[in-house]
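See structure below.
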Amino acid sequence: MANRDALRAFQSRLASRLQAARTTGVAATWLAVEAGEGKYLFPLGHAGEIFPWTPPQPVPYTEPWFLGVANLRGGLFGVVQLSAFATGVSSGPLATEAARMQSRLVALNELLEVNCALLVDRLAGLRGAEAFTAAEPPSAEAPAWLGHLYTDAAGERWQEINLQALSQQPQFLSIGA
């Protein structure tokens with residue numbers, strides 16, 4: 001009986017929250033992640049499913065940022081270490097159990113037609129435009145897959161990554177070393 005009451009209470013809270021989200025019009029625009037020293041924003045329309053850390057099978061003769069391939073829900077995905085790709089500096093495998101527990105693989109949306117998952121160190125939640133106080137357009141020499149640079153109220157800087165543009169970049173698609 002207690003389980004039934006708890007389930008009803010949960011359903012009621014969930015329905016209230018969904019209704020509040022519809023009426024206030026608050027919409028998340030990005031998935032915020034941390035990778036290495038960087039803080040990144042993925043457009044929700046470009047991000048796919050999020051998986052817990054799954055050790056990939058190494059692939060020989062590939063770039064250091066390409067960690068290998070992993071079976072994620074029955075599909076074969078290439079695994080890219082986002083921090084190493086973005087900065088050009090490979091930080092090596094996840095060193096501690098705590099790091100492995102927090103890390104996630106964020107698959108690219110299947111509409112992008114690239115079976116790839118990005119390794120991130122930590123999920124930081126969903127963000128909307130109201131979470132930021134300033135925005136700077138990308139510099140002229142920035143790669144095409146980098147979007148605006150946003151600053152939040154705490155002064156943290158978040159780099160938007162256009163996953164669609166990233167998935168079409170020859171550098172990203174050429175994993176051979």
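What the table below lists for this structure:
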| read-out | value |
| --- | --- |
| Segment 77-174, relative contact order [Cα under 8 Å, separation at least 6], % | 20 percent |
| Thr62-Arg8 FRET efficiency (beta carbon distance; Förster radius 41 Å; 0.05 resolution) | 0.20 |
| Gained length - Arg100 relative to Glu156, 0.36 nm times residue gap less alpha-carbon distance | 17.8 nm |
| Solvent exposure ordering (accessible area, 1.4 Å, most first) of Val69, Val89 | Val89, Val69 |
| Distance (nanometres) between label positions extended 7 Å along Cα→Cβ at Asn71 and Ala28 | 3.0 nm |
| Binned Cα-Cα distance frequencies in segment 56-177 - 10 Å width, integer % | 11, 39, 36, 12, 1 |
| Three-way shape call for segment 131-177 based on the alpha-carbon gyration tensor, with the a/c threshold at 1.5 | prolate |
| Percent accessible area from carbon and sulfur atoms, segment 24-177, protein chains only, probe 1.4 Å | 55 percent |
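The values are calculated or read from the model by the stated rules, or taken from the named source; none is laboratory data. Since this is a predicted model, take the numbers as computed values, not measurements. Quick reminder, even Gly has a Cβ in these numbers, built from the backbone with ideal geometry, and neighbours come from all protein chains shown. The area values use the complete protein model at the heavy-atom level, side chains included, leaving out ligands, DNA and RNA. Shrake-Rupley method; radii C 1.70, N 1.55, O 1.52, S 1.80 Å.
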